[in-house]
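So the structure is just underneath, and the comments pick up after that.
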Amino acid sequence: MNRATVLLLPLAFSLSFGLADAPLARAACTDGSGLCVNDGAGVKWKPDATLSAAQLKKEEKKRKGASARLNLVIEGGRGSVFIDGRYASTAPLSRYILEPGAHDVQVRDGARILAEGVLTVPAGVDVEISVRH
């Protein structure tokens, strides 16, 4: 095997088994909240907002339709992602299933909050988000 083949084998393996991250728009995040939605298909981001327990319960009852898929990366760092108050994963997130409606989202690096707010997603969309570290 030549050097190019050896370098491309891990990528080919990842792509063939669906392990590679979904492609994200690589534009720099310039939003003041530190979170940029790279896909504007009806997705809304309200920074520095939260949903109360009653609002979360009401949102859960309203959620109908095809699930959305969330892809999230952190530019220049790492972090943990919390959705509706529950730990979702360590970033990057790839194809995380999200029901349509409003969700509390918080991205943290240890005790430091990188982004926090309410993300509203319509049914059946792919949402691509980048967070500035």
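Checking the structure you have, find out if any residue of the range 77-91 is closer than 22 Å to GLY32 by Cβ, surrounded by fewer than 20 Cβ atoms within 10 Å (Cβ to Cβ), at pLDDT below 90 and in contact with a Lys or Arg (Cβ under 8 Å, 6 or more places away or on another chain).
no
Identify all residues within the range 107-133 that are over 13 Å from GLY34 (Cβ atoms) and either of a type in the set (Val, Ile, Thr) or surrounded by 19 or more Cβ atoms within 10 Å (Cβ to Cβ) (or both); write none if there are none.
Of everything in the range 107-133, those that are over 13 Å from GLY34 (Cβ atoms) and either of a type in the set (Val, Ile, Thr) or surrounded by 19 or more Cβ atoms within 10 Å (Cβ to Cβ) (or both) turn out to be VAL118, LEU119, THR120, VAL121, VAL125, VAL127, GLU128.
Evaluate the following for ALA66: is it of a type in the set (A, V, I, L, M) and in a loop (DSSP other than H, G, I, E, B)?
Answer is yes for this residue.
What pairs come up if the first residue lies in the range 70-93 and is closer than 16 Å to THR50 by Cβ, the second is among the small types (Gly, Ala, Ser) and not in a strand (DSSP E or B), and their beta carbons are under 6 Å apart, counting only those six or more places apart or on different chains?
VAL81/ALA91
The values are calculated or read from the model by the stated rules, or taken from the named source; none is laboratory data. If you're wondering where the values come from, they're calculated on a predicted model, not measured in any experiment. Note: ideal-geometry Cβ built from the backbone for every residue, glycine included; neighbour counts use all protein chains shown.
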